[in-house]
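Just below is one structure, and these are the notes that go with it.
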Amino acid sequence: MIKVGVLGAQGRMGSEACAAVRGAEDLELVARVDMGDDREVLRAADVVVDFTHPAAVADNLRWCVDAGLHVVVGTSGVGEDLLDDVRGRLQPGQAVLVVPNFGIGAVLMMRFAAQAARFYDSVEVVELHHPRKADAPSGTATRTAQMIAAARAEAGLGPGPDATTHDPDGARGATVDGIPVHAVRMAGLVAHQEVLLGSEGETLTIRHDSLHRSSFMPGVLLACRKVAEHPGLTVGLDDLLDLD
Ligand SMILES: NC(=O)C1=CN([C@@H]2O[C@H](COP(=O)(O)OP(=O)(O)OC[C@H]3O[C@@H](n4cnc5c(N)ncnc54)[C@H](OP(=O)(O)O)[C@@H]3O)[C@@H](O)[C@H]2O)C=CC1
Ligand SMILES: O=C(O)C1=N[C@H](C(=O)O)C[C@H](O)C1
């Protein structure tokens, strides 16, 4: 049995994750921690899963790493500085897995987008989420833009053509690693993303939709089961899915 603790256990994702862990025969839910609770109970776990808040994840992650626990981070907003800090704190054999999106389709969407990015002049990312989401752009959109930018840099490609010189209201959106990213927040949505690619005479749209948070649970359970087999710091679910 792998013992699992969940941070943010009463939240939308945390509660779904607790139910999924409880329903898995090889996993045991040993700790549920929410805002204001004592994190000490997490020491009973082999693996801690964090679904809290972008403003809380750094402190939680450092605490779990310093406690010698394996950690699966689902919370968005984990930047390069935090990743570097965590690398420096890890003990031999300890594993931290930071997963921008646990949905298998979202993992594939990011890979397909990076594959396609070197074949097109223009690439933009549009992420669409429920209106209670705390941060923008989403962790998924940020990761997608980073992967696209890396693929384009490797192919020697620069930014897409864009004649905009006057944009007082920021209608062209944010840029992440030079890739335009647009965020929509709308009642009725859960988690969705489109990657739009274009060249003269054609466009390609790669779209993924999470219609329910259950879509993330196979990935969460896989991460709990496999994280210990991937010591060090890993970003993304790709290595655990044996995609190559
Ligand atoms: N990787 C993935 O596939 C996915 C990632 N996410 C990410 O997961 C995170 C959580 O999303 P969601 O579940 O929708 O958010 P919710 O607001 O529904 O849940 C977050 C929970 O964490 C609690 N919390 C906040 N700070 C702390 C803390 N310091 N210690 C313990 N608990 C805390 C909140 O308590 P309170 O309400 O009292 O503040 C709340 O119960 C977001 O960053 C989101 O982007 C979401 C979906 C999929
Ligand atoms: O807050 C959400 O809902 C989601 N957050 C993650 C993100 O920021 O990318 C994953 C998914 O998009 C749902």
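The values are calculated or read from the model by the stated rules, or taken from the named source; none is laboratory data. If you're wondering where the values come from, they're calculated on a predicted model, not measured in any experiment. Cβ atoms come from the backbone with ideal geometry, glycine included; neighbour counts cover every protein chain shown. Protein only, heavy atoms only, side chains kept; ligands, DNA and RNA dropped before computing areas. Shrake-Rupley method; radii C 1.70, N 1.55, O 1.52, S 1.80 Å.
Some observations on this one:
- So Ala45, is it among the hydrophobic types (A, V, I, L, M, F, W, C), touching a residue at least 40 places away in the same chain (Cβ under 8 Å) and surrounded by 16 or more Cβ atoms within 10 Å (Cβ to Cβ): yes
- Only one entry in Thr175, Thr234, Thr205 is more than 22 Å from Gly105 (Cβ to Cβ), of a type in the set (Ser, Thr, Tyr) and modelled with pLDDT of 95 or more, namely Thr175.
- Only one entry in Asp162, Asp209 is farther than 25 Å from Gly5 by Cβ, assigned to a loop (DSSP other than H, G, I, E, B) and of a type in the set (D, E, K, R), namely Asp162.
- Looking across region 165-192, just one residue is more than 24 Å from Ala153 (Cα to Cα), assigned to a loop (DSSP other than H, G, I, E, B), in contact with a strand residue (DSSP E or B) (Cβ under 8 Å, 6 or more places away or on another chain) and free of Cβ contacts under 8 Å to residues at least 60 places away in the same chain, and that is Met186.
- Residues that are farther than 20 Å from Ala171 by Cα and within 16 Å of ligand 2 (Cβ to nearest atom), drawn from region 116-133: His130, Arg132, Lys133
- Residue in region 193-212 that is surrounded by the fewest Cβ atoms within 10 Å (Cβ to Cβ), counting only those that are among the β-branched types (Val, Ile, Thr) and either in contact (Cβ under 8 Å) with a residue 40 or more places away in the chain or within 16 Å of ligand 1 (Cβ to nearest atom) (or both): Ile206
- Applying the condition of being open to solvent by less than 30 Å² (accessible area, probe 1.4 Å) and under 20 Å from Lys133 (Cβ atoms) to region 213-235 and asking which residue is farthest from the chain's Cα centre (by Cα) yields Met217.
Table: residues versus (1) in contact with a strand residue (DSSP E or B) (Cβ under 8 Å, 6 or more places away or on another chain); (2) closer than 29 Å to Ala163 by Cα; (3) more than 14 Å from ligand 1 (Cβ to nearest atom); (4) not aromatic (Phe, Trp, Tyr).
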| position | (1), (2), (3), (4) |
| --- | --- |
| Pro54 | no, no, no, yes |
| Val72 | yes, no, no, yes |
| Gly77 | no, no, no, yes |
| Gln115 | no, yes, yes, yes |
| Thr140 | yes, yes, no, yes |
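- Output for region 213-244, where each listed residue is of a type outside the set (A, V, I, L, M, F, W, C), touching a residue at least 12 places away in the same chain (Cβ under 8 Å) and in a loop (DSSP other than H, G, I, E, B): His230, Pro231, Gly236
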